[in-house]
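Notes follow the structure.
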Amino acid sequence: MLGGAQRISLLLLITAHALVLCGLICVILTGEVPAALWVLVLAAHPVSTLIKPSQGRYFFNSIVLLSLSYSLFLFFVLQTPFLVAMTQFLIVVQAIKLFHLDTAKDYFQLAGLSLLTVLAAAGLTSQLYYLFFLFALLLIGIWFLFLLHLKRDIEQHPALPAPPRSLTAPSLFLGITGVAVCSFIITIIIFFTLPRMTLSVSGREQWSGTSSGFSETVDLGNVGSVRLDNRVVMRVEIPQFHERPSFPLYWRGTSFALWDGQTWKKGDIVGKLPRMQGRGISLQRRLPTTAVIDQTIMLEPLGTDLLFFLNPPLEIRGNFSHLLVDQGDGIHLPSVPLERYYYEVSSASQTRGGVYPIAAEQPDGAYLQLPEKKKEILALAQEIVAGAAAPEVKAERVVSYLRTHYTYSLNPKRDRRFLPLDDFLLHSREGYCEHFATAATVLLRATGVPTRLVSGFLQGEWNALGRYFMVRQRDAHTWIEVFVPGKGWISYDPTPAANRQTPPLLGLPLYRYYDFFKLKWNRYIVQYTRRDQIRFLLTLRHKIMALPLFPQASPLQGARERTAASSKYLFAALAGVALTVLIAWMLRQKKKAFIRPDRRLPAEIYFYVKLLKILEKKKITKRAGETPAEFAARVGHRHGALFSWLQRVTSLYYQVRFGLIPLSPLETAEVADIIKALQKTSLRPRRTP
């Protein structure tokens, strides 16, 4: 059975390792620490519990200097970000410190290093898992500080008797956990209410590899098996939608006009859209409908400066000074975002499923351009639209023909003897959305209809929990826009609808819960701005004003003044209650100070202080300037029954206070018996002759 001091030391060691692991694992998950390094650092935990070197500090100091030199080399020579280089140095110092946990000071230094590690992780990631490690750090940290305080007292007062086991009881740690939870709640309140600066969190998420996904180039010559990429690249909240809409939504990026027979080329930037004072950027389009769809979009870093939205946009709001527009009506940020980017868009509502009219002037000849007019393709185009004159009719016929005569495939056959489009239209008759959209564009241009290829994303998955769309890389899509005189550009999707749907992910219901919390974490924690804070405080004020304490809003004149007056009365009442509580607390503290004048005395002589308190309750008070021996003699002369007890307790008090000799277990039990007997004794003054 471990003694009290040994039990405290063991629990402190366990919490110290847990505290270090909390920060270390958080840093490892960021992917910024080499595997070889974090494996060695993790191995230091079990090794440090088995090996306690009495010497060798020069060896460990050499490792620290070597690690520091390596981190400086990473920063100055290899141009590694400073935070990444210093984080690697930090975890090495932590690992070395585990071998030298001798005093409370060593533990305190280790806790400081752990805090720095978690703070470093905050600069390296903004993922949802950081919230778990942050709360774990708070909980374990409070346990750690409590145990560290006990260990420091044991070191400073070695003559004290062994601490009671109640100090390490599970019930006490449960209470400390409650304190941690309260602290976490207070931290959240402070986070949402204190004035804040608009700072961005460095996002390090980058896409790599070849897979299905959005690209600013469309190259049919790169045909091969396409791997579906399930990573979420965009989340879109639409307040008007309380359930999944019955029609597909298309998140437009940009369009392509120039086709060289194998690759589509995007147009250049042609204009700058300045931000309006206090608002976003208004596009002032002439539209046939007044219905508006509002979107709040969280865009992951995609390596492009394009913004995506339901077409056509009316107004775009975000953290930018201006936007750029290209020849294909694509909207660009001033630079490529390297982190998650939030923006809001108000778009005109679509008139029918999948069709979005964009008012525009008559396009130039670029949208009729063809590199060469092959006889077979021209003949096929004329055959499909035979007898049709209106652009809309031609577009519908081409789309219907492609959907019914061609097959959607992520692994299309490719005959290198033919050009990609010729192979798709005339031979293999299978491909994915780029093939269908390119074929539709070329066929319509061959019949004299201005057409352009559009790239973006197709709808995504509806998350019913948070009522938003999860758009993945696999949802990247291409379709076409056809110019209709008097109406503008109208969207059509020639890709077969039944075949372009992808099977649901395994475990998707559980993932939707995770993604919902991830969205809220990024929206209201990572990207929480001053604007969000003002909105939150105004909402809170509105809810408070709606309480029965306040008169309901009324259109009658003077309602605002009555509300303001009632607010003053409520504030005065709350201030009065707070002042009363403060005065009561101060009086209570003053009373405690009067009852216990020796409150700063060491803990080992509290038995004597307790004795004085019992005598005070019996109307026997120690005079100022009176020594313990004089006090015992005076009380013993008046109350003879107490003399032997007081003399014994005073003797033990002198032994501990000035002789620095702690009480033995027998003496501790003897003092406890005297105090119990004194509490039960009824005092009567000794009669004097």
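The values are calculated or read from the model by the stated rules, or taken from the named source; none is laboratory data. Quantities reported herein were computed from a predicted structural model and do not represent experimental measurements. With ideal geometry, Cβ positions are generated from the backbone for all residues, glycine too; neighbour counts draw on all protein chains shown.
So here's what we get for this one:
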{"read-out": "Checklist (1) surrounded by fewer than 21 Cβ atoms within 10 Å (Cβ to Cβ); (2) modelled with pLDDT under 80; (3) not hydroxyl-bearing (S, T, Y) applied to Q109, failing item", "value": "(2)"}
{"read-out": "Among (1) under 30 Å from I154 (Cα atoms); (2) modelled with pLDDT under 80, the one test that D673 misses", "value": "(2)"}
{"read-out": "Condition broken by G625, with the remaining ones in (1) modelled with pLDDT under 55; (2) out of contact with any helix residue (DSSP H, G or I) (no Cβ under 9 Å at 6 or more places or on another chain); (3) not in a helix (DSSP H, G or I) satisfied", "value": "(1)"}
{"read-out": "Top-ranked residue of segment 363-391 - restricted to ones that are of a type in the set (D, E) and in a helix (DSSP H, G or I), ranked as farthest from P494 (Cα to Cα)", "value": "E376"}
{"read-out": "Scan of segment 646-664 for residues that are part of a helix (DSSP H, G or I) and either in contact with a strand residue (DSSP E or B) (Cβ under 7 Å, 6 or more places away or on another chain) or over 15 Å from I674 (Cβ atoms) (or both), ordered by number", "value": "Y654, R657"}
{"read-out": "Contacts under 7 angstrom Cβ, first residue in segment 86-108 being assigned to a helix (DSSP H, G or I), partner hydroxyl-bearing (S, T, Y) and at pLDDT below 80, 6 or more apart", "value": "F89/S67; V92/S67"}
{"read-out": "Segment 22-43, residues that are surrounded by fewer than 20 Cβ atoms within 10 Å (Cβ to Cβ) and in a helix (DSSP H, G or I)", "value": "I25, I28, L29, A35, A36, L37, W38, V39, L40, L42, A43"}
{"read-out": "Scan of segment 381-405 for residues that are of a type outside the set (V, I, T) and touching a helix residue (DSSP H, G or I) at 6+ places or on another chain (Cβ under 7 Å), ordered by number", "value": "A381, A388, K394, A395, R397, Y401, L402"}
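Per-residue answers, yes or no, for (1) within 24 Å of L258 (Cβ to Cβ); (2) of a type in the set (A, V, I, L, M, F, W, C); (3) modelled with pLDDT under 85:
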residue	(1), (2), (3)
Y343	no, no, no
Y356	yes, no, yes
I377	yes, yes, no
A388	no, yes, no
Y401	no, no, no
P412	yes, no, yes
R429	no, no, no
